[in-house]
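Laboratory data are not the source of any read-out in this text; all were calculated from the coordinates shown. Because the structure is predicted, anything quoted here is derived from the model rather than measured. Using ideal geometry, Cβ is built from the backbone for each residue, glycine included, and neighbour counts are taken over all protein chains shown.
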Amino acid sequence: MLYHLLYPLHTYHTVFNVFQYITFRTIYAVITALVLSFILGPYIIRKLSLMQIGQVIRKDGPPNHISKEGTPTMGGTLIIFAVVIPTLLWANLTNLYVWLLIIITLGFGAIGFIDDYIKLVKKNSEGLWPRYKLLWQFFIALIVAVFLYMSGFDTNISVPFFKDVKIDLGFLYVPFVMLVIVGASNAVNLTDGLDGLAIGPVMIASATYMLFAYLSGHVKIANYLQILYVPRSGELTIFAGAMVGASLGFLWFNTYPAQVFMGDVGSLALGGALGTLAVITKHEILLMLVGGIFVVEALSVIFQVSSYKMSGKRIFKMAPIHHHFELKGWPEPRIIVRFWIISIILSLIAISTLKLR
Ligand code: 57M
């Protein structure tokens with residue numbers, strides 16, 4: 001909005017020229033998201049506590065989680081607010097990609113909100129029926145995928161390390177996009193099982209895709225790096241910047257010992273947004289590397305459940321894998337920070353692939 005209000009004033013004074021620059025507006029999207037989180041955080045945590053929206057801890061989980069009973073959850077409402085408001089403030093709102101990201105964030109956030117609400121307010125521990133959750137996620141992802149396909153969006157996917165390899169998926173691009181978005185959403189959801197364990201890698205991945213969006217949307221840099229140029233995708237730098245600020249702000253309250261959990265409203269929204277950023281910046285396969293922690297967490301569940309079903313034996317002491325380390329006796333902060341470190345390493349490797357090709 002500020003872009004539309006203030007940039008036109010550059011004809012009266014050159015200082016308003018600065019509002020045309022994506023870098024300037026991204027920096028202020030990060031700052032606005034951070035400030036909003038710090039201002040609204042305490043209020044929202046107090047509100048959630050007063051409404052007794054406290055986490056119910058399953059008895060079959062790691063024993064040290066029992067003390068977390070009653071921790072306010074659904075803090076993801078704060079995250080979504082701190083992402084969407086700065087985006088509306090600083091992004092070019094005629095950019096359709098920005099609206100696609102907002103739709104995914106609000107849509108997946110709504111699914112998570114309903115799930116959390118049923119679990120915590122209606123006191124029904126089952127929440128939304130898992131297949132309904134998945135169905136609604138695929139439906140919203142379908143809307144985004146079909147819109148991209150029908151608007152002539154490039155259906156080629158790039159392969160890391162191989163600059164000349166482009167795979168044109170044609171109409172299969174639609175299910176591919178849906179899988180990336182829904183997969184990322186659920187992987188983040190599974191990861192959100194320790195204080196700050198999900199929000200840390202989400203912040204790191206958002207910062208990585210903030211860079212990718214800027215590079216992919218800049219014709220000269222994209223050509224120099226020989227990555228797919230996606231016209232107008234540069235505006236997503238601002239959305240990704242808001243995600244970085246909102247994640248950092250939420251981490252202030254979610255760090256061990258957490259004052260608030262994000263809830264499905266947060267994890268589903270953030271994962272869906274990351275998946276959509278990966279699709280529109282055309283770095284979908286790299287998401288497997290940038291979001292490597294989320295991939296490992298999801299795979300640990302798949303392998304554990306498959307192994308248990310086939311042989312009755314567990315591969316891990318408990319899945320997702322963060323619980324395995326807990327039961328091995330690692331203190332919670334040690335697991336969390338080591339997962340953050342791995343996430344940073346994976347992101348640096350992913351960024352290096354832009355040159356290693
Ligand atoms: C998402 N939710 C956390 C919190 C957060 C198939 C199976 C692997 C599913 C999985 C599951 O239930 N996943 C749901 C993970 C939960 O966190 C809430 O959920 C939101 C995110 N969706 O925002 O509101 C618990 O995680 C802890 N937590 C923190 N700090 C945080 O900042 O400590 C969360 C955020 C919270 C809190 O204790 O209650 C969760 O873990 O449920 N199931 C599991 O992950 C269970 N694993 C399991 O059953 N493994 C089996 C088989 C089925 C794979 C096995 O290994 O044999 C574990 N989770 C729990 N209890 N709670 C173990 C049992």
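About its Cα centre, the dipole of the chain is roughly 460 debye, where the only charges are +1 on Lys and Arg Cβ and -1 on Asp and Glu Cβ. Our summary gives the chain a relative contact order of 24 percent, counting only alpha carbon pairs under 8 angstrom and 6 or more residues apart. Compute the angle between helix 96-120 and the longest alpha-carbon principal axis of the chain, please, reported from 0 to 90 degrees and rounded to the nearest 10. Tilt of helix 96-120: around 10 degrees. Relative to the longest principal Cα axis of the chain, at what angle does helix 292-311 sit, 0 to 90 degrees, rounded to 10? Orientation of helix 292-311: about 40 degrees from the principal axis. For the stretch 235-347, a/c is not less than 1.5, where a ≥ b ≥ c are the root eigenvalues of the C-alpha gyration tensor, and a/b does not top b/c. That puts it in the oblate class. Each of Thr94, Thr73, Thr155 has some number of other Cβ atoms within 10 Å of its Cβ, and from fewest to most they run Thr94, Thr155, Thr73. Where the alpha-carbon atoms of the stretch 87-132 are placed on the principal axes, they occupy 42, 21, 7 Å, in descending order. A straight line joining the Cα centroids of the stretch 66-84 and the stretch 310-357 runs 23 Å.
Based on the alpha-carbon gyration tensor of the stretch 1-152 and its eigenvalue square roots a ≥ b ≥ c, which shape applies: rounded if a/c is under 1.5, prolate if not and a/b is larger than b/c, or oblate? Cα axes put the stretch 1-152 in the oblate bin.
This ranking places Thr281, Thr14 by how few other beta-carbon atoms lie within 10 Å of each, fewest first, which gives Thr14, Thr281. Could you list the chymotrypsin sites (Phe, Trp or Tyr not before Pro) in the stretch 159-197 that lie in coil according to DSSP, counting only those with at most 13 other Cβ atoms within 10 Å of their Cβ? Sparse-neighbourhood loop chymotrypsin sites (Phe, Trp or Tyr not before Pro): Phe161.
Taking the longest Cα principal axis of the chain as reference, the axis of helix 236-254 is set at about 30 degrees. Judged by the gyration tensor of its Cα atoms, with axes a ≥ b ≥ c, the stretch 150-304 is prolate; a/c meets the 1.5 cut and a/b is the larger of a/b and b/c. Sort out the exposed loop GluC sites (Glu not before Pro) in the chain (DSSP loop, at most 16 other Cβ within 10 Å) and tell me the longest stretch that has none. Segment 127-357 is the longest. With 0.36 nm allotted per residue and the present C-alpha distance subtracted, the Trp99-Ser49 stretch has 14.8 nm of extension available. Reducing the stretch 198-274 and the stretch 124-155 to their Cα centroids gives an inter-centroid distance of 20 Å.
Residue order for His13, His4, His283, His323, fewest other beta carbons within 10 angstrom first, comes to His13, His4, His323, His283.
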